[in-house]
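Notes for the one structure printed next.
What follows is calculated from the coordinates using simple rules that are stated; it is not laboratory data. Because the structure is a prediction, the values reported are computed rather than measured. No Cβ is skipped: glycine too gets one built from the backbone with ideal geometry, and neighbour counts run over all protein chains shown.
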Amino acid sequence: MKKAVKLKLFSVLLILLAPLTVLFLFLGMLSGDSEISASDKAFAYYVDHWTTDDPYTHNLLAHRYGITALQLDGFLDSTGIKYDKSRINGTKLLEWEKKSGLDVRAIVAIAQMESSLGTAGVATQKGANMFGYGAFDGAESNATNYSDEIAVVGLTNVTIIQNQNETFKRQDDKAKLHAQGKLDTSKDGGVYFTATDDTGKKRAEVMAKLDEWIDAHGGTPKAPVSANGNGTTELNVPAGFTLSKPMSTAGYTSATYPYGQCTWFVFNRAKQFGISFSPYMGNGGDWKYQSGYEVTNTPKAYSALCFSPGQAGADSTYGHIAFVEQVRSDGSVLISESNAQGLGVVSYRVFDKVTASQFSYVIGK
């Protein structure tokens, strides 16, 4: 099998301690930051096809709504690979998607490109997984310590989320930076694989083929609209609103605010406008209580919208924080926020004038 999971020594340690890492991540979500309420790790944020224009730049934590086990089984059979149907099948794949939060199409792509659906390399050894999880350079047999199900959950939580490898393009870009000795792991997280042969692009191509198969075999229902309290969450800027500066989280620091959380996003987004907030503002609902900052109920562009606990769908204990992108002449407000639809996923909401006046806006410096 290809050595797709090729990490630096520090990443090796992360993988060996994966169960504890996942636990700490979970506890951190509960106590370290504030987010829009979600049921659990199994929540889905749905898209019709991709979060962007193609699978290569698609966020791997988003799902295509309504994929069936029958469609997945049909695609697996179409590959011509003599795989073990009791080991990987449509039903199991959808269960793995639910438990991990990883797009089922990505799960298939990784399994196919890593080990030909479990039929090649270390994946054939007893106890090993088909995703290359834990298969380090020079120690591939370490993959035998992780079953398929444990591996896909660990792969999502550690290798993709914690190490900030949410798209296949990002994984390819980081592999190339690693090869050049230019990857800043303290800021950008560890690499997924070190191969520079466009491994991620090849996986994205498998995702595209699976998506096309689904279209040709019944398609899927329209993804439901996701609503969080007041306002409807959208992945793209809603019609009638604009961004003053392009949205890009590349280069965002996570020194004091955990990667992907609402506080991480607002702190960094504000900096893109030359606006500063303290790196120690606390949970999202705490920002309006910090000394030295003007707080108003009048919406202001480029301010931080501070949701009290439970307000407009915010966490009932920790609240939430968002960034005001635009205030229109009619008083309606466009906000951007992270982790309303998944860790590190930026989405948008609009509030009318009356609703917007109910919130607290923290003015940065």
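Multiplying the residue separation of Asn297 and Asp215 by 0.36 nm and subtracting their alpha-carbon distance yields 24.8 nm. Modelled label positions at Asp77 and Ser141, each set 7 Å beyond Cα in the direction of Cβ, lie 3.8 nm from each other.
Among the trypsin sites (Lys or Arg not before Pro) in region 56-98, which ones are in a DSSP loop with at most 14 other Cβ atoms within 10 Å of the Cβ? Mind listing them? Walk me through the intermediate numbers first.
Working: sites: Arg64, Lys82, Lys85, Arg87, Lys92, Lys98; in loops: Lys82, Lys85, Arg87.
Filter output for region 56-98: Lys82, Lys85, Arg87.
If R0 is 25 Å, what FRET efficiency do you get for Asp286 and Thr253 from their C-beta distance, rounded to 0.05? Using R0 = 25 Å, I get an efficiency of 0.80.
Please compute the contact order of region 262-363 in relative form: average sequence separation of alpha-carbon pairs under 8 Å and at least six residues apart, divided by the residue count, as a percent.
Values: 211 pairs, mean separation 31.2, N = 102.
Here the relative contact order equals 31 percent.
For the peptides 331-338, 317-324, 69-76, the ranking by mean Cβ contacts within 10 Å, running from highest to lowest, is 317-324, 331-338, 69-76.
Our note on the geometry: Cα centres of region 73-151 and region 254-331, 40 Å apart.
The mean of 1/r over all distinct Cα pairs in region 199-330, once inverted, gives the Kirkwood hydrodynamic radius of 17.5 Å.
What FRET efficiency would be calculated for the residue pair Ser278, Tyr65, taking the C-beta separation as r and a Förster radius of 35 Å, to the nearest 0.05? Each step should come with its number before you reach the end.
Values: r = 40 Å, r/R0 = 1.13.
Computed FRET efficiency for Ser278 and Tyr65 comes out at 0.30.
Between Asp352 and Lys126, the distance separating the two model label sites (each 7 Å from Cα on the Cα→Cβ line) works out to 6.7 nm.
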